[in-house]
Amino acid sequence: VAGQDINNFGIRASAGLIENLNVEGEYVYQTLRKDSANAYIDQNNKNKSADAWRLAASFGMPDVVWAPTVAADVASLSSKWNVMHESWVPADLANLIFQNTNMRVIGATVSAKPMDAMMLKLRYANFKARQAVGATYTSVGTTNTYTTVAGKKELGSEVDLAMLYDYTEDVQFALCYGKLMPGKAFAESNRK
């Protein structure tokens, strides 16, 4: 980022504990330094540091009809986290609205393969702010501002349904549906 110094130090581990069960964890510590105007990247960041972590597990059943997989994950981005230019939120619609900072996410995914080249996937994710929101919330990458209820943390939840088709090894077609249900942190006038 021009004029800004962001350093990320992380560790990631994954393991197959038993057959078809995979677990993974990741932790990132971020340091923020002053830019050329002698200001911190996040003006509210008095500690000049932030962190993010993620834990996930998935269990596949390749020998069962449609080869289903069940997965669960939990992640947390601190309120000081600077996402630079990367969108991280693991849900289609929330990724377009929520800032990728000050957030806890709990998710679950079920997938199945009715054919070798086709996958069906159902994803649920719940979003909660780590620190309560203020009176407004500005969407990531836009100037859209939503009225919020100060002091609330419940950002909402989302359900995504997708059908993915591998046309070739390099080309994939997808048909997706998503429903975002805003939480109590958003004023009722903004929930639709």
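Each row is one residue, and each column tells you yes or no for (1) loosely packed, with under 15 Cβ neighbours inside 10 Å; (2) small (G, A, S); (3) in contact with a Ser or Thr (Cβ under 7 Å, 6 or more places away or on another chain).
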residue: Q131; (1), (2), (3): yes, no, yes
residue: T148; (1), (2), (3): no, no, yes
residue: E154; (1), (2), (3): no, no, no
residue: M163; (1), (2), (3): yes, no, no
residue: Q172; (1), (2), (3): yes, no, no
Legend entry - Test: residue in the stretch 77-84 that is open to solvent by 60 Å² or more (accessible area, probe 1.4 Å), closer than 24 Å to D51 by Cβ and of a type in the set (A, V, I, L, M): yes
Legend entry - Odd one out for A91, checked against (1) without any contact (Cβ under 8 Å) to a residue 40 or more places away in the chain; (2) within 11 Å of the chain's Cα centre (by Cα): (1)
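To keep it simple, each residue is scored yes or no on (1) open to solvent by 50 Å² or more (accessible area, probe 1.4 Å); (2) among the β-branched types (V, I, T).
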site: L96; (1), (2): yes, no
site: V105; (1), (2): no, yes
site: T109; (1), (2): no, yes
site: A112; (1), (2): no, no
site: K179; (1), (2): yes, no
site: P182; (1), (2): no, no
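Whether any residue in the stretch 116-127 is more than 30 Å from V64 (Cβ to Cβ) and either open to solvent by less than 30 Å² (accessible area, probe 1.4 Å) or not in a strand (DSSP E or B) (or both) is what I want to check.
yes
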Inset, instruction - Scan the stretch 144-170 residue by residue and report those that are of a type in the set (D, E) and under 17 Å from R104 (Cβ atoms). - result: E154, E158
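Here is a yes/no grid of residues against (1) under 30 Å from K113 (Cα atoms); (2) at pLDDT 95 or above; (3) open to solvent by 60 Å² or more (accessible area, probe 1.4 Å):
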residue: I11; (1), (2), (3): no, yes, yes
residue: I18; (1), (2), (3): yes, no, yes
residue: V23; (1), (2), (3): yes, yes, no
residue: Q30; (1), (2), (3): no, no, no
residue: K34; (1), (2), (3): no, no, yes
residue: A39; (1), (2), (3): no, no, no
residue: D42; (1), (2), (3): no, no, no
residue: N47; (1), (2), (3): no, no, yes
residue: W66; (1), (2), (3): yes, yes, yes
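The values are calculated or read from the model by the stated rules, or taken from the named source; none is laboratory data. All figures in this text were calculated on a predicted structure; none of them were measured in a lab. When we count neighbours, we look across all protein chains shown, and the Cβ atoms used for this are built from the backbone with ideal geometry, even at glycine. Quick note on the areas: whole protein, heavy atoms, side chains included, nothing else; ligands and nucleic acids left out. Shrake-Rupley method; radii C 1.70, N 1.55, O 1.52, S 1.80 Å.
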